[in-house]
1. Give me the one-decimal Kirkwood hydrodynamic radius in Å for the chain, with the sum taken over alpha-carbon pairs.
2. Compute the accessible area per residue over the chain, keeping the other protein chains in place, probe 1.4 Å, unit Å².
3. Lysine pairs, Cα distance under 19 Å, 8 or more residues apart or cross-chain: how many in the chain?
4. If you plug each phi of segment 26-41 into the Karplus form 6.51 cos²θ - 1.76 cosθ + 1.60 with θ = phi - 60°, what whole-Hz ³J(HN,Hα) values come out, in order, with x for Gly and Pro?
5. Rank-order 31-39, 52-60 by packing density, defined as the average count of other C-beta atoms within 10 Å over each peptide's residues, highest first.
6. How large a share of the accessible area of the chain, in percent, is made up of carbon and sulfur atoms when the probe is 1.4 Å and the other protein chains stay in place?
7. Please give the contour-minus-distance gain from Leu42 to Phe4: 0.36 nm per residue of separation, less the Cα-Cα distance, rounded to one decimal in nm.
8. Tell me what the chain gives for mean residue ellipticity at 222 nm when only DSSP H runs of n ≥ 4 count, each as -39,500 (n - 2.57), the sum divided by the residue total, rounded to 500 deg cm²/dmol.
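The values are calculated or read from the model by the stated rules, or taken from the named source; none is laboratory data. The structure displayed is predicted, hence computed values, not measured ones. Cβ placement follows ideal geometry from the backbone for every residue including glycine, while neighbour counts extend to all protein chains displayed. Side chains are part of the model used for accessible areas, which takes the heavy atoms of the whole protein and leaves out ligands, DNA and RNA. Shrake-Rupley method; radii C 1.70, N 1.55, O 1.52, S 1.80 Å.
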Amino acid sequence: MIKFNNTTLFFLFSASLFFFGIMLSSIIDEGFKEGKDLFYQLGLIIPALISAFSFGTKLFKKPKN
């Protein structure tokens, strides 16, 4: 497993949330599409959401002694 320091994790977490917000605002502006276009629309937002969750849990999890 790759170990990151807190500064790097915070930057990656912030970047993931930034791109998630951009994609979410475009969905709000355009609305949900249908069929294959909906798959492509959600296909861009799901990786940003998963990476934000992953980096956030690594960043905010308290170390066990």
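1. One decimal place: 13.2 Å for the Kirkwood radius.
2. The answer is 86 Å² per residue.
3. For the chain, the number of qualifying lysine pairs is 4.
4. 5, 5, 5, 5, 8, x, 6, 8, 10, x, 5, 5, 5, 4, 5, 5
5. 52-60, 31-39
6. Working: 3870 of 5560 Å².
Answer for the chain: carbon and sulfur cover 70 percent of the accessible area.
7. 10.8 nm
8. The per-residue figure over the chain is -27500 deg cm²/dmol.
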